[in-house]
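A short write-up of the structure that comes next.
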Amino acid sequence: MIRNLIYKMSFVCFTFIISTNVNAQVKNDNETNKRIDDYLELLQLGYTEVEIFQDLGNVNFLTENYDAAAFWYEKLFNAVDKETISDSYQERYDFAMNSLNAQSPVKTNAKDWKASIKADYTLENENGASGKLAQDSKKTFTPSMSMTKDGKVAFFSQAVKKKPEYGIFSKKEVVHEIYKAEKVNGKWKNIQRVAVCPKYYSAKHPTVSADGKRLFFASNMPGSYGKYDIYVSEIKSNGGVGIAKNLGPKVNTKKNDLYPTLADDSLLLYASDGRKGYGGLDLFAVQMSKKRLGESINLGSSINSDKDDFSLALIPEKGMGYVMTNRGKKNQLSQVAVSYIRGNGNDKETKDEAQLFKLLNDNSETDYSSTLFEN
């Protein structure tokens, strides 16, 4: 009788263990599928893996789903150097693990976790990128306004914070917009945004042709070849701006093409880190007419460096130019003067400097890209 009782008890325990294991497996499968679905959904919306790991870790933490929160925080730690992440992520991870290992629920009122998470996203907005990661030590350059030859109309870009169209926390992101201003009685008035790209994308570094009929700028709008491409729009007689036309692969690359400027309205100068160069952003030049472009050519070692070289301002009457660069000490922004006086061609530096004169008289021509953006 005792043996039968022991047998029945063993059978009940065995059945309970099987049932518990099956239920646990189903729960684990459901959680795994949910994590995969959450990840894929954010990935399709254009978020980076680091942003996904941050967002999913935080949203699960706030809903006290500490197992999932710890899972995503671990993914975050494996994706980046932990020293570049805010200490608050490690703190939240430790709290989640302690909650999972504790015999009784851990009280959350000891710290305002919502405020802690909000602070991380505020930091992100101020940095204009992933605020949890260390900022790039390189100094960047913001060009001044570009004016028409008569000085009556100016274009400039400005960074603004906007809530994205999608996102778990609807955190604001930095977007660059182009504005137009008119000079009336010696004062800049009638300032208005120039809609050259979709609402949630950036347009920056505008430069206007001397005749006031074309506006060149950099944008990351859909249809770009890389991160930022250079575009041109026709400025209509009524002051409106036409459809943005991508300058195509003769100018644009799979990376960044920025800071377009014009020399004598026949030479487009711009910076790129997507072509073979000397390091960082290099300056390139392309000969152009109203409807055609030549080949992009690196301006050489006398102008470019192993740092970022943003723009070149030419003063033809003096045979001089000024390169805006961060090649200075501690990557500080500085202007470097360069001379374009023709030499006897016996040394490499003279040949490099003479290259720009060749570009100024280059008549090679190719068509614009037909890539268009229509709002």
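The values are calculated or read from the model by the stated rules, or taken from the named source; none is laboratory data. Predicted model, so just to flag it, every value in this text is computed and none were measured. Here the Cβ positions follow ideal geometry from the backbone for every residue, glycine too, while neighbour counts run over all protein chains shown. Surface areas here come from the heavy atoms of the whole protein model, side chains and all, with no ligands, DNA or RNA. Shrake-Rupley method; radii C 1.70, N 1.55, O 1.52, S 1.80 Å.
If I go through segment 267-289 residue by residue, how many of them are polar (S, T, N, Q) and either within 23 Å of the chain's Cα centre (by Cα) or within 13 Å of F216 (Cα to Cα) (or both)? Adding up the residues that qualify gives 1. Do we have any residue at all in segment 247-264 that's on the phi > 0 side of the Ramachandran plot and of a type in the set (S, T, Y)? Yes. Residue pairs, Cβ under 6 Å, 6 or more apart or interchain, first in segment 57-78 and modelled with pLDDT of 85 or more and among the aromatic types (F, W, Y), second open to solvent by 30 Å² or more (accessible area, probe 1.4 Å) and part of a helix (DSSP H, G or I). List them. Hits for this filter: Y66/L100; Y73/Y93. In the set Y259, Y278, only one residue is modelled with pLDDT of 90 or more, assigned to a loop (DSSP other than H, G, I, E, B) and open to solvent by 10 Å² or more (accessible area, probe 1.4 Å); that residue is Y278. Taking (1) more than 24 Å from N326 (Cβ to Cβ); (2) open to solvent by less than 50 Å² (accessible area, probe 1.4 Å); (3) modelled with pLDDT under 90; (4) more than 16 Å from the chain's Cα centre (by Cα) in turn, P143 satisfies each apart from (1). Across segment 284-339, the qualifying residues are those that are basic (K, R) and outside any strand (DSSP E or B), and the one among them that is modelled with the lowest pLDDT is K290.
Which is of a type in the set (V, I, T) and either in contact with a helix residue (DSSP H, G or I) (Cβ under 7 Å, 6 or more places away or on another chain) or crowded, with 19+ Cβ neighbours inside 10 Å (or both), of I303, I315? Unique residue meeting the criteria: I303.
Picking from residues in segment 50-94 that are of a type in the set (F, W, Y) and under 27 Å from the mean Cα position of the chain (by Cα), the one that is surrounded by the fewest Cβ atoms within 10 Å (Cβ to Cβ) is F77.
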